[in-house]
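A.B. asks: After the structure tokens below, expect a handful of questions from me.
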Amino acid sequence: MKMVKVFALIIGIILIALIAWWFFGKHEQAAQSAQVKDNGQKATVVVNGGYSPSTVVLKKGVPGQVDFDMRDHTACLSHVVFDSLGVNKDLTKQKITTVKIPTDKAGEFNFACGMDMFHGKVVVK
């Protein structure tokens, strides 16, 4: 009986450590640089259970856009919101929805789903 208690304690400590790592650990996020072509740049973010990549990098001074490729039709991900740009686009109206990003100065533009549960950002540098 004593061995069962020790085993349960060890399993409990391992589970607590995994939960703490999941919520508080630093996780690497996928980042993608936009493709520059014909005096413009474009990046594609796939919407499928979240945003992939969650970070897009645009080059300063080159007109930029981010295309959202909608593959998940859950209610939460049906909109993409850029608060700082005043953008709230419905992604369900078409397969690819384009958001133009100002690249005149360096900075970050955070975006989220309509319920603010999934997040991403566009970095201009």
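A.B. asks: So between K60 and Q32, what do we pick up on full extension, going 0.36 nm a residue minus the alpha carbon distance?
C.D. replies: On the way: separation 28, 0.36 × 28 = 10.08 nm, distance 1.50 nm.
Contour length minus the Cα-Cα distance gives 8.6 nm.
A.B. asks: Most fluctuating residue of A106, A17, A34 in a GNM of the chain with Cα springs under 10 Å: which is it?
C.D. replies: Result: A17 has the largest fluctuation of those listed.
A.B. asks: Show me the three semi-axes of the equivalent ellipsoid for segment 25-91, from the C-alpha gyration tensor (sqrt of 5 times each eigenvalue), largest first, rounded to whole Å. Each step should come with its number before you reach the end.
C.D. replies: Numbers: eigenvalues 91, 50, 28 Å².
Computed over segment 25-91, the values are 21, 16, 12 Å.
A.B. asks: Cα convex hull of segment 1-124: how many Å³ per residue? Kindly include the intermediate steps, with their values, before the conclusion.
C.D. replies: Numbers: hull volume 15.9 nm³, N = 124.
Enclosed volume per residue, from the Cα hull, is 128 Å³.
A.B. asks: Taking neighbour Cβ counts within 10 Å as the exposure measure, how do C76, C113 sort from fewest upward?
C.D. replies: Details: C76 15, C113 21.
Ordered from fewest to most neighbouring Cβ atoms within 10 Å, C76, C113 come out as C76, C113.
A.B. asks: Another question, if that's okay. Work out how far the C-alpha atoms of segment 83-125 reach from end to end along every principal axis, then list the three figures in whole Å, largest first.
C.D. replies: The Cα atoms of segment 83-125 stretch 31, 21, 15 Å along the principal axes, largest first.
Throughout, read-outs are computed from the coordinates displayed, never taken from laboratory work. Because the structure is predicted, anything quoted here is derived from the model rather than measured. Cβ sites come from the backbone with ideal geometry, for glycine too, and all protein chains shown count toward neighbours.
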